[in-house]
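This report concerns only the one structure given below.
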Amino acid sequence: MSAQTPVTTVYKVSGMTCGHCEGAVSAEISGLDGVSSAKAVAATGEVTVTSAAPLDEEKVRAAVDEAGYELVGPA
């Protein structure tokens with residue numbers, strides 16, 4: 001039995017200014033397949049995502065866009 005090691009990726013997101021922004025971005029990314037956690041921090045403009053496998057950046061971009069913000073790319 002081999003347990004898969006989770007992958008943690010940090011993305012830069014522009015436009016987040018408050019706790020509501022953090023919640024919206026975290027919620028959208030958390031809805032992606034394989035994501036176990038997503039923690040957005042408006043002060044740094046970063047979202048730390050933990051997932052079972054590396055994520056398709058376009059899917060992350062679409063989730064961030066759905067929340068009303070812009071994915072800059074990996075931090």
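The values are calculated or read from the model by the stated rules, or taken from the named source; none is laboratory data. These numbers come from a predicted model, not from an experiment. All Cβ positions, glycine included, derive from the backbone under ideal geometry; neighbour counts span all protein chains shown. We work out accessible area using only protein heavy atoms, side chains counted, and drop any ligands, DNA or RNA first. Shrake-Rupley method; radii C 1.70, N 1.55, O 1.52, S 1.80 Å.
Table for the structure above
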{"item": "Per residue accessible area of the chain, 1.4 Å probe, in Å²", "result": "58 Å²"}
{"item": "Extended-chain gain in nm, criterion 0.36 nm per residue less alpha-carbon gap, Leu32 and Ser14", "result": "4.5 nm"}
{"item": "Nearest-ten-degree value, helix 19-30 long axis tilted from longest Cα axis of the chain", "result": "30 degrees"}
{"item": "On Cα atoms only, tilt of 57-67 relative to the major axis of the chain in degrees", "result": "40 degrees"}
{"item": "Residue-averaged [θ]222 nm for the chain, counting only DSSP H segments that reach four residues, each worth -39500 (n - 2.57)", "result": "-9500 deg cm²/dmol"}
{"item": "Net charge of Cβ neighbours under 12 Å - reference Glu46; Lys, Arg +1; Asp, Glu -1", "result": "+1"}
{"item": "Lys59 paired with Val41, simple spin-label distance in nm, labels 7 Å along Cα-to-beta-carbon", "result": "2.6 nm"}
{"item": "With every protein chain in place, the chain: carbon and sulfur % of accessible area (1.4 Å)", "result": "53 percent"}
{"item": "Relative contact order of the chain, defined on C-alpha pairs under 8 angstrom at six or more residues apart (%)", "result": "42 percent"}
